[in-house]
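Engineer: Below you'll find the structure I mean.
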Amino acid sequence: MTDRLAQLSNHLAQPSDPTRLDGQVVLITGAAQGIGRATAELLASKGAKIAINDLDEERANAAVEALQTAGHEAFCYCGDVMDVKFPPRLIKAVLERFGRINVLINSAGFLNDAAIHKMTEEKFDIVMKIHNYTPYRMIHALSGHWMDPANRAMTKTIINISSTSGLHGAMGQINYATAKAGIIGLTKTVAAEWGRYGVRCNAVAYGWIDTRMTKPPDPDEKL
Ligand SMILES: NC(=O)c1ccc[n+]([C@@H]2O[C@H](COP(=O)([O-])OP(=O)(O)OC[C@H]3O[C@@H](n4cnc5c(N)ncnc54)[C@H](O)[C@@H]3O)[C@@H](O)[C@H]2O)c1
């Protein structure tokens, strides 16, 4: 009885913080900068172990070093998530490093704007690839790990990134707006199909945020 009272009193004195992510493994694509990097920093500060992917190796390494210097566990596995063979390699690398993946954030992205009459097949196609095909392939690559009955009780969360362009349409962004609307259908389908396996899948539709993506192209940029 005394033990039980002590246990209750301890719980009341230290209410658990529901925003903590201690020990959870978070994989974020496109996390060398911008929204992905800010998300990595926030979730690391909540106790998560962070796996960063990006095309930009230099910036990805800098992001990992900054996280490690702040005392967090982090590593990066760089490469092009649009390459159809890459998502399974990325998932394998994170599993080899951390043993599991609890959260996938599909943040890698870019724009390729043009007015409707100037839009080309190539511009339309590449934007659909990065914002629709790639998140689908990342999720597909996670199937084996997340459908494993041994991982039934594990926290499993996906966050896809939509945009107000996808919700309302946007001048000059027929490719991007179409893709960012598409990711909402993808998100709801994953939630409907995988909810029974304990997977949560949500999308965040940001408005304008000051990142490299929304700045005029820098002629000195390598990528
Ligand atoms: N910035 C905004 O206003 C805004 C608004 C709504 C939604 N979004 C979405 O948020 C996400 C992040 O955008 P951001 O603003 O942080 O842009 P950002 O340019 O700052 O970061 C995107 C990162 O993705 C990486 N990336 C691009 N293609 C890649 C590929 N094929 N493989 C691996 N990495 C790749 C880039 O190298 C870059 O580091 C995107 O999906 C974007 O569409 C941004």
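Engineer: Just to confirm a number: summing +1 for Lys and Arg and -1 for Asp and Glu over residues other than Lys85 whose beta-carbon lies under 15 angstrom from that of Lys85, what do you get? Walk me through the intermediate numbers first.
Structural biologist: Numbers: positive: Arg89, Lys92, Lys129, Arg137; negative: Asp80, Asp83.
Around Lys85, the charge tally is +2.
Engineer: Want the number for Glu221 to Asp80: 0.36 nm per residue separation, take away the alpha-carbon distance, what's left?
Structural biologist: Working: separation 141, 0.36 × 141 = 50.76 nm, distance 1.68 nm.
Length gained between Glu221 and Asp80: 49.1 nm.
Engineer: Could you tell me whether segment 62-157 comes out rounded, prolate or oblate from its Cα gyration tensor? Rule is a ≥ b ≥ c as square roots of the eigenvalues, rounded for a/c under 1.5, then prolate if a/b exceeds b/c, otherwise oblate.
Structural biologist: Details: a/c = 2.73, a/b = 1.58, b/c = 1.72.
Verdict is oblate for segment 62-157.
Engineer: Additional query: Once the piece of chain linking Glu65 and Lys118 is laid out straight, how much longer is it, given 0.36 nm per residue of separation minus the C-alpha distance between them?
Structural biologist: Working: separation 53, 0.36 × 53 = 19.08 nm, distance 4.19 nm.
Working it through step by step, the gained length comes to 14.9 nm.
Engineer: Relative to 2.2 N^0.38 Å, what does the C-alpha radius of gyration of the chain come to as a ratio? Two decimals please. Walk me through the intermediate numbers first.
Structural biologist: Values: Rg = 19.3 Å, N = 223, 2.2 N^0.38 = 17.2 Å.
In units of the globular-protein estimate, the chain measures up at 1.12.
Engineer: I would also like to ask the following. Which of the aspartates and glutamates could a cross-linker bridge to Lys123, judged by Cα under 15 Å and excluding same-chain residues fewer than eight apart?
Structural biologist: Within the straight-line limit of under 15 Å, Lys123 reaches these aspartates and glutamates: Asp113.
Engineer: Return a whole-number percent for the relative contact order of segment 93-223, with Cα pairs under 8 Å and 6 or more residues apart as the contact set.
Structural biologist: Numbers: 173 pairs, mean separation 37.2, N = 131.
Computed value for segment 93-223: 28 percent relative contact order.
Engineer: Here is a follow-up. Output wanted: per-residue J couplings in Hz (rounded whole) for segment 173-190, from phi through Karplus 6.51 cos²θ - 1.76 cosθ + 1.60, θ = phi - 60°, x for Gly and Pro.
Structural biologist: Each residue's phi maps through the Karplus curve to give 10, 4, 6, 5, 5, 5, 5, 6, 6, x, 5, 6, x, 4, 4, 5, 5, 4 Hz.
Engineer: Another one. In whole percent, what relative contact order does the chain give with Cα contacts below 8 Å and a gap of six or more residues?
Structural biologist: Values: 364 pairs, mean separation 37.4, N = 223.
Taking the mean separation of contacting Cα pairs over the length of the chain, I get 17 percent.
Engineer: While we're looking at this one, here's another question. Lys and Arg at +1, Asp and Glu at -1: add these up for the other residues within a Cβ distance under 15 Å of Leu67 and post the number.
Structural biologist: +1
Engineer: Starting with the highest mean, order 183-189, 45-51 by the number of other Cβ atoms within 10 Å, averaged over the residues of each peptide. Walk me through the numbers on the way to the answer.
Structural biologist: Working: 183-189: 16.9, 45-51: 21.0.
Descending packing order for the listed peptides: 45-51, 183-189.
Engineer: So, one more: Going by alpha carbons, how many degrees (0 to 90, nearest 10) lie between the helix axis of 34-45 and the longest principal axis of the chain?
Structural biologist: The angle comes out at about 0 degrees.
Engineer: Ignoring solvent entirely, what values of log10 I(q)/I(0) come out of the Debye formula for segment 56-112 at 0.17, 0.31 Å⁻¹ when each Cα is a single scatterer?
Structural biologist: Listed by q, the Debye log ratios stand at -0.66, -1.34.
No lab work stands behind these numbers, since they all come straight from the coordinates. For clarity, every value in this text was computed on a predicted model and none was experimentally measured. Cβ coordinates were reconstructed from backbone atoms using ideal geometry, including for glycine residues, and neighbour counts include every protein chain displayed.
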